[in-house]
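Okay, so here's the structure we're looking at.
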Amino acid sequence: MSIAHIDNIAERSSGLRVFGGTAAIDLGAAQQAVADLLVALGQDADDEHLRETPRRVAAAYAELLTPRAFNLTTFPNDEEYDELVVARDIPFHSLCQHHLLPFKGMAHVAYLPGERILGLSKLARVVELFARGLQVQERLTKQVADWLQEHLEPKGVGVVLQAEHLCMSLRGVQASGSITVTSALHGLLRHDARSRSEFFTLAAVRA
């Protein structure tokens, strides 16, 4: 299976940019790999319940690894709004790069507007853009914050991810219910204590 990097097919015009891309996934090769894995794990590939499993697993992973394209819709900040914009409890799921098991949870994303404001649904889209791939939570958190800082150019950005990792709760230490929390901050949310505290309070995260 070959997965291409996310392509930025954007043009900076009229506050509208398109992001996303297609992952180059060889479904046939993935299906054969799953079939081989089942045999290697001692499973009967001719079992009626397993006959379609390689196809289903290949299709499922292709879906989990392919982000949907979206328009980055921004608008002029005509009212010069200068308080935090926070989207809390954005559900997300991703795949652990180390074990290919899911991790899922909630993202809290905020920014201090500069010259432009962002369509609110796009905050969730940015989270999905980077979550649809093989990830570690620390990198995912930073990628969302860095992307917003680069493309929106706000006065500050804050991102907190809270997630349960099945590679931790179902295997190894088997710490079921444990939550991993990561954060990434830019601009005033990193350097101004009051702004940082306000963000963590609104995100319901203990600073």
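No value in this document is a laboratory result; all are computed from the given coordinates. In this text, all values refer to a predicted model and were calculated from it rather than measured experimentally. Here the Cβ is made from the backbone with ideal geometry for all residues, glycine too, and neighbour counts use every protein chain on show.
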Distance (nanometres) between label positions extended 7 Å along Cα→Cβ at His93 and Ala62: 1.8 nm
Contour minus Cα-Cα distance for Asp44 and Val205 (0.36 nm per residue): 53.2 nm
Reachable lysines from Lys155, criterion Cα separation under 28 angstrom, eight or more residues apart if same chain: Lys122, Lys142
Debye, to nearest 20: dipole size of the range 52-141, +1 on Lys, Arg Cβ, -1 on Asp, Glu Cβ: 680 debye
Contour minus Cα-Cα distance for Thr182 and Val86 (0.36 nm per residue): 32.9 nm
Aspartates and glutamates whose Cα lies under 17 Å from that of Lys104, excluding same-chain neighbours fewer than 8 positions away: Glu63, Asp89, Glu128, Glu138, Glu164
Dipole moment magnitude, nearest 20 debye, the chain about Cα centre, only Lys, Arg, Asp, Glu C-beta charged: 340 debye
Cut-off under 5 Å, modelled amide H: who pairs with Lys155 long-range: Leu112, Gly114
Where labels lie 7 Å past Cα in the beta-carbon direction, separation of Thr73 and Ala24 in nm: 3.3 nm
Estimated 222 nm signal from helices in the chain, with DSSP H stretches of n ≥ 4 weighted -39500 (n - 2.57), rounded to 500: -10000 deg cm²/dmol
P(r) weight above 30 Å for the chain, C-alpha pairs, percent: 32 percent
